[in-house]
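Contents: one structure, followed by commentary.
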Amino acid sequence: MRPSPVPTIRARGFVTALAILAVTLLPGCGGGDNGGTTNPPPGGFAMSASGAALTIARNANASLTVTIARSGGFTGSVSLSTTGLPTGVTVAFAPPQVDDGVTSSTMTVTVGGAAATGPSTFTVRGTATGQSMQTVNVQLTVTAPPVQTGPFTLSVSAQSFLVYPSGQLPAFPVITINRNAGFTGAVALSVSGLPPTLFLGMTPTSTTGNTVNTVILSLAAPNGTYTATIRGSSAQGDQTVTIQVVVAPVSTGNIKWKWCSASLPRYFLAVKDGNGPWTRIMPANDTSFNFSIASGAGQVAEVTNDSGGFRTTVYQYTAQEMAARAASQCALVNNASTRMATGNFGGVTGFRVSYVGMGWWFGSANGNGSYQLLNLPAGPLDLIAARAGEVVDASAIPIDRMILRRGINPTPGGTIPALDFNAAESFAPATATWTFGNTNGETFGVSQLFTTATGSTGHFSLVPMVDGTLPARTLYGVPLAQTIAGDLHQVIATVSTTGPTVGSVLRASRQVIAYSRTLANRNLDFGPAMPAPTVSIAAPGRLRAQGTLPTQYNTGVTFDITQTTTATFATIHTSRGFLGAGSTYDIQFPDLTAAIGWDTRFGVTPGVPTNWWVNGGGPVLDLFDGRYLFNTTRSRWTGIGTGITLPADAATYYSARVTGNSTP
């Protein structure tokens, strides 16, 4: 049985509107000529809907009941969907799958503010395994909303809201009081229309300001869609606005998109299966989001906090890539564990620095100082430590001694025996000369890491080291005799240039990352400069990037937008498998307004200047962007395939970035 998706509701600015409900039922392809009821085949089902016509104003909604009549011993589930919806109109079914013992579903039709006025017809479809599809045609007339008059109007940042399980932090909608010129009076807020098991609180409840925060909680409310009417009252008149509050069961599916830490809340997560609609996913109590991708490819969109604002991240992968990325999610998230350990370095003279890595964490200290290792996974772990030598060239900081302990299992909060670089367990590092080509005379830095077969990572240089122009660099690593199968050195070479505006910080523009168990002399070229894309406006607030990827970067593309003045950020990761054959790409930020709970604050604001960058091959690892630097220092980075594809001995990955400015 396919999992039932959470119903979808259009999310746009609200204006109160009256909806006059009736349905015109026209014969569908699965039924006869008896109005809106389809004749069931033997052992099948018939489908009908209530009413005679449906007239809805923009920014409003109305509901009707779809009834399933089973016959001939048929007991299967009937899945409901629609086709032929006009632009700006969405439909939600509660439930979207009518199981045995259930005979009806409530269909809510929501009309957005941009929908065209006038009549149209769409089709409701009912499908069941082994049965002919049954249909009902619905006539819809969209009208302009009634004009509100008075000293103010009300709007809400989200047209709908999905109630999360307790203990998980959502982004509650914000009510805005849009005051007409000259009106400065107090507005008192109240709410009606919700059952006692649903709570919608507002702070403050009376204000002379312009915004009101909300809190929406479920007190064991039954699953369903509820309409809350928010009233603003003033001495000069009242105004109202509505919001749909959705209580839904935990979503199910064979892909578990798991987040191992509550330190980065997921305010919103929706999935698009192939060409289907964006479907909001209801999380489980363990903060996992479960869904299925039945077609060959799909998309996941999530909203998190970032720099006091919101970041929307979209993943566009094949079904296989999506499942692999989901399986690796915990390994890419900080604070996945509370286990920690401490220790001290020994055998270090002066203020030379030493490094230690175990599991997902690094520590360092000057001289014989102490360190602390956090977020350690359970079970035995490897430990990698290195002592820096005397620095002659800041772009090539040497390593003169190492320690590698395998399978140690410190007690949580325990102390690791001293890492004494003069003790018998220490050894001299292996060295090799790598000569980097195609630098075009630009400065570049080199970072060196070592990951053991069990997943512990240590680093042997600053990340990244100071840039220099010398093409030949001395690298340091673990001697072959000290390695085992699965151990890999990771060498990251990065060309940095200025950002999209004068005075911007240095940003990585080209990068090459190579893996090898054995550290030996090597020549390695950077890839070409990333060709500039064509960046245009797909729709207000939504940018589109088109271009061609050089061969070295043709595994995928990342498109990132930063709107600093609104603290709004967006990133889209797209694999070549999702894009299809060839070397071109055409990606744009999707329209998520039809998904339950989409908040206007999540999206990039139209008309506000933004900085953007496009990366071929996947996101470059940038010292000034911890999202990507973290991924390489806690996992084996493989470009767009990070978390999907593990690197192998002798594997090399390339990426490059181009930056620019646009006003969406």
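Given the criteria assigned to a strand (DSSP E or B), without any contact (Cβ under 8 Å) to a residue 24 or more places away in the chain, crowded, with 20+ Cβ neighbours inside 10 Å and not basic (Lys, Arg), does residue 363 qualify?
yes
Quick check: is even one residue across the range 257-264 outside any loop (DSSP other than H, G, I, E, B) and modelled with pLDDT of 95 or more?
Checked against the condition, which is being outside any loop (DSSP other than H, G, I, E, B) and modelled with pLDDT of 95 or more, the range 257-264 yields no hits at all.
Assuming residue 369 fulfils every condition listed in (1) open to solvent by 10 Å² or more (accessible area, probe 1.4 Å); (2) modelled with pLDDT of 90 or more; (3) under 27 Å from residue 265 (Cα atoms) apart from one, which condition is it?
Residue 369 satisfies all of (1) open to solvent by 10 Å² or more (accessible area, probe 1.4 Å); (2) modelled with pLDDT of 90 or more; (3) under 27 Å from residue 265 (Cα atoms) except (3).
Given the residues 78, 102, which is the only one that is modelled with pLDDT of 90 or more, open to solvent by 50 Å² or more (accessible area, probe 1.4 Å) and either in contact with a Pro (Cβ under 7 Å, 6 or more places away or on another chain) or over 12 Å from residue 138 (Cβ atoms) (or both)?
102
Could you pull out the residue among 207, 184, 203, 227 that is over 14 Å from residue 155 (Cβ atoms) and touching a Gly at 6+ places or on another chain (Cβ under 7 Å)?
227
Can you tell me which residues in the range 121-135 are of a type in the set (A, V, I, L, M, F, W, C), open to solvent by 10 Å² or more (accessible area, probe 1.4 Å) and under 33 Å from the mean Cα position of the chain (by Cα)?
Hit for the range 121-135 is 128, nothing else.
Please report, ordered by residue number, the strands (runs of 3 or more DSSP E) entirely within the range 504-617 with at least 1 residues that are within 22 Å of residue 296 (Cβ to Cβ) and touching a residue at least 40 places away in the same chain (Cβ under 8 Å).
556-563, 568-575, 584-588
Looking at residue 640 and the list (1) outside any helix (DSSP H, G or I); (2) at pLDDT 90 or above, which single condition is not satisfied?
Unmet for residue 640, out of (1) outside any helix (DSSP H, G or I); (2) at pLDDT 90 or above: (1).
Give me the strands (runs of 3 or more DSSP E) completely within the range 176-218, filtered to those with at least 2 residues that are within 30 Å of residue 282 (Cα to Cα), in contact (Cβ under 8 Å) with a residue 40 or more places away in the chain and under 33 Å from the mean Cα position of the chain (by Cα), ordered by residue number.
So the answer is 198-203, 211-218.
Determine whether residue 226 is surrounded by 15 or more Cβ atoms within 10 Å (Cβ to Cβ), of a type in the set (Phe, Trp, Tyr) and either under 17 Å from the mean Cα position of the chain (by Cα) or within 17 Å of residue 572 (Cβ to Cβ) (or both).
no
Quick one: which of 486, 445, 407 is assigned to a loop (DSSP other than H, G, I, E, B) and either of a type in the set (S, T, N, Q) or touching a residue at least 12 places away in the same chain (Cβ under 8 Å) (or both)?
486
Assess whether residue 248 counts as being among the small types (Gly, Ala, Ser) and open to solvent by less than 20 Å² (accessible area, probe 1.4 Å).
Answer is yes for this residue.
Mind counting the residues in the range 194-207 that are within 19 Å of residue 184 (Cα to Cα) and surrounded by fewer than 13 Cβ atoms within 10 Å (Cβ to Cβ)?
Count: 2.
I need a count of the residues in the range 418-452 that are farther than 15 Å from residue 496 by Cβ, in contact with a Lys or Arg (Cβ under 8 Å, 6 or more places away or on another chain), surrounded by 15 or more Cβ atoms within 10 Å (Cβ to Cβ) and not polar (S, T, N, Q).
Total satisfying the criteria: 5.
Is it the case that some residue within the range 136-148 is among the polar types (S, T, N, Q), over 24 Å from residue 224 (Cα atoms), at pLDDT below 90 and surrounded by fewer than 17 Cβ atoms within 10 Å (Cβ to Cβ)?
yes
For the structure I just gave you, tell me whether residue 378 is in a loop (DSSP other than H, G, I, E, B), farther than 29 Å from residue 467 by Cβ, among the small types (Gly, Ala, Ser) and within 36 Å of the chain's Cα centre (by Cα).
yes
For the subset of the range 569-600 comprising residues that are aliphatic (A, V, I, L, M) and closer than 21 Å to residue 307 by Cβ, which member is surrounded by the most Cβ atoms within 10 Å (Cβ to Cβ)?
Restricting to residues being aliphatic (A, V, I, L, M) and closer than 21 Å to residue 307 by Cβ, the top hit is 570.
Please enumerate the residues belonging to the range 303-333 that are surrounded by 20 or more Cβ atoms within 10 Å (Cβ to Cβ) and either part of a strand (DSSP E or B) or on the phi > 0 side of the Ramachandran plot (or both).
303, 310, 311, 312, 314, 315, 316, 317
Given the conditions (1) in a strand (DSSP E or B); (2) under 23 Å from residue 281 (Cα atoms), report the number of the one that residue 137 does not fulfil.
For residue 137, the failing item is (2).
Yes or no: the range 579-596 includes at least one residue that is touching a helix residue (DSSP H, G or I) at 6+ places or on another chain (Cβ under 9 Å), charged (D, E, K, R) and modelled with pLDDT of 95 or more.
Checked the range 579-596: at least one residue is touching a helix residue (DSSP H, G or I) at 6+ places or on another chain (Cβ under 9 Å), charged (D, E, K, R) and modelled with pLDDT of 95 or more.
Only one of (1) of a type in the set (Gly, Ala, Ser); (2) open to solvent by 20 Å² or more (accessible area, probe 1.4 Å); (3) more than 32 Å from the chain's Cα centre (by Cα) is not met by residue 113, so which one is it?
(3)
The values are calculated or read from the model by the stated rules, or taken from the named source; none is laboratory data. None of the values given here were measured: they were computed from a predicted structure. Glycine gets a Cβ as well: all are built from the backbone with ideal geometry, and neighbour counts include every protein chain shown. These area figures cover heavy atoms from the full protein model, side chains too; ligands, DNA and RNA do not enter into them. Shrake-Rupley method; radii C 1.70, N 1.55, O 1.52, S 1.80 Å.
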